[in-house]
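Engineer: Okay, handing you the structure first.
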Amino acid sequence: MGPRFSIAALLGLNLAVKLLWLGVNDLSGDEPLTVYWSQRPWSDLKDMLLTVGRPPLHFLVTRAWSDWVPFEAAWLRLPSAIWSSLAVWPLFLTARKLGNDRMAWVCALLFTFSNYQFGCAHEVSPHALFTLLAICSMWFVVRERGLPVAGWSGIMVLALVNALLTWVNPIGWFLVATQSACMLVLPELRAWRRAHLLSALITAALFAPIAIIRFTQTVSPTAGKVTASAPASDAVEDVLRGWFNSPYVAVLFLLILAVAGFHSRLRHSGLRMGVAWSIVPVLLLYAANLWTPVPLDWLLACSAPGFALVMAASCEALRIPVPAHRSAFALAVLLMLITFHPWKAGEMRPGIVAEQVSAWCGNDCHIEVVPTSYWLDYLAAEDINLLRQDQEALLNSAPLMPDSSQAAAIGNYVLIDASAEGEGEELLNRLRTHFPREEMKSPDGAVHVHRFRF
């Protein structure tokens with residue numbers, strides 16, 4: 001079976017899987033924020049950079065795409081599904097270069113059946129595009145493996161891909177640092193040391209405009225505006241959960257990795273490259289957290305493909321009889337497959353929250369949201385076209401804390417409390433003081449809807 005047929009088959013499988021269930025979940029999390037800012041006028045681009053703190057590449061792609069397709073969640077998620085499906089192509093080539101066809105197939109299938117990768121493919125977010133560029137970047141490093149010199153074409157291509165990567169998110173520099181570590185440690189890449197340094201300098205020059213804008217965030221008057229929430233980045237179990245579909249799979253795969261590492265003494269090129277790709281970004285994350293919080297989801301987008309490579313290489317490096325060797329490959333893929341749940345609905349359901357508010361409010365109600373960033377989730381569930389309108393007044397306004405006379409005039413006050421750390425507790429206590437009756441429901445578990453009335 002030739003590589004062209006293998007790549008075509010894997011691309012077909014990924015597209016068949018990842019184009020399903022695109023509209024099963026409501027826009028939630030970072031998605032409404034991404035859609036909202038992608039629809040803002042071009043003149044607001046700098047304000048977006050200062051406010052959201054992300055480079056503009058994915059916002060521009062989303063804006064261009066949304067002008068050509070129906071403005072619906074499934075259509076807006078389609079580019080992410082395509083990016084994630086295409087990522088299997090350079091990943092297959094990378095694993096094949098470091099091993100053989102069998103190792104490449106296993107690596108690509110582990111990536112395909114990852115719940116994390118499937119989730120990225122079903123989000124209006126830059127993660128899938130970031131993952132595609134990250135894998136392409138590593139492929140352009142690996143394909144020069146063993147060559148005595150590095151050509152200018154390779155230097156420029158790597159520099160441009162890394163520049164695009166950092167224009168999606170600056171965490172792309174973690175991957176550039178990982179590549180530098182590989183240049184220093186792996187003998188087969190030593191000829192690339194000076195070339196990679198030159199490539200990194202070109203990338204830095206291309207990234208300079210973003211660096212300048214991000215530096216001004218600390219002094220900008222818009223720097224305190226609404227931003228997307230970032231998940232905690234200090235939990236090792238969350239990192240492992242992003243690499244594996246299940247804790248039981250994690251234990252078995254880590255055992256295989258330990259045995260393979262012991263048997264091969266990490267002499268297998270794919271194993272060494274995979275370990276570096278998986279571990280170096282994690283170490284950089286914890287180092288970076290000493291200065292500024294780094295979102296865990298971006299770390300996973302950077303390092304998760306390395307996990308697929310290291311596990312495929314681990315199975316290849318095992319010194320066991322041939323039948324057992326084949327069984328190890330089959331078991332690795334089977335474990336990911338049986339723990340793969342592409343049809344599972346997400347935990348956040350703003351649509352149910354909007355339905356509850358509508359049932360309580362009708363046309364006569366005062367609505368407040370805590371935190372204010374959840375306004376975008378609520379508006380997207382009410383009518384996604386509201387994300388095309390200017391909502392800065394809502395996003396930057398403090399919730400109304402009424403006194404007795406205001407409460408009597410309002411009559412029906414609904415509070416959507418999506419805060420995770422009691423941010424709305426002061427407001428709740430104030431409302432309980434001035435309204436005699438309170439009802440509360442939790443339509444999606446994490447979000448509580450309170451109704452206060454006389």
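Computed from the coordinates by the stated procedures, all read-outs in this text should not be read as laboratory data. Note that the structure is predicted; figures quoted are calculated from it, not measured. No Cβ is skipped: glycine too gets one built from the backbone with ideal geometry, and neighbour counts run over all protein chains shown.
Engineer: Which entry in (1) 4, 19, 28, 24, 15, 7, 3, 1, 0; (2) 4, 14, 16, 14, 13, 11, 10, 8, 5, 3, 2, 1, 0, 0; (3) 4, 20, 31, 28, 15, 3, 0 is this structure's computed P(r) over Cα pairs in 10 Å bins from 0, in percent?
Structural biologist: From the options (1) 4, 19, 28, 24, 15, 7, 3, 1, 0; (2) 4, 14, 16, 14, 13, 11, 10, 8, 5, 3, 2, 1, 0, 0; (3) 4, 20, 31, 28, 15, 3, 0, the structure gives (1).
Engineer: Once both axes come from the Cα atoms, what is the angle between helix 193-215 and the longest principal axis of the chain, in degrees from 0 to 90, rounded to 10?
Structural biologist: 10
Engineer: In the chain, which cysteines lack any other cysteine Cβ under 4.7 Å from their own?
Structural biologist: Cys107, Cys120, Cys136, Cys182, Cys302, Cys315
Engineer: Next question. For Leu415, Leu91, what's the fewest-to-most ordering of other Cβ within 10 Å of each Cβ?
Structural biologist: Neighbour counts put them in this order, fewest first: Leu415, Leu91.
Engineer: Using the basic label-point model (7 angstrom from Cα toward the beta carbon), what is the Leu198 to Leu400 distance in nanometres?
Structural biologist: Each label point lies 7 Å from its Cα, and together they span 6.5 nm.
Engineer: Something else about it: Which Cα, out of Met440, Ala191, Phe307, lies furthest along the positive dipole direction of the chain (beta carbon charges, K/R +1, D/E -1)?
Structural biologist: Farthest towards the positive end: Ala191.
Engineer: Counting other C-beta atoms within 10 Å, and keeping those with at most 13, which DSSP coil trypsin sites (Lys or Arg not before Pro) do you find in the range 241-337?
Structural biologist: The qualifying sites are Arg265, Arg267, Arg319.
Engineer: While we're here: Would you mind computing, in nm to one decimal, how far apart the modelled labels at Leu15 and Trp75 are, each placed 7 Å from Cα along Cα→Cβ?
Structural biologist: Result for the modelled spin labels: 2.0 nm.
Engineer: Return Glu347, Glu123 ranked ascending by Cβ neighbour count within 10 Å, so the fewest neighbours appear first.
Structural biologist: Glu347, Glu123
Engineer: Please give every one of the aspartates and glutamates within straight-line cross-link reach of Lys97, meaning a C-alpha to C-alpha distance under 12 Å, and leave out same-chain neighbours fewer than 8 residues apart.
Structural biologist: Candidates past the 8-residue exclusion: Glu144.
Engineer: Can you give the % of DSSP beta bridges in the chain that are antiparallel, to the nearest 5?
Structural biologist: 70
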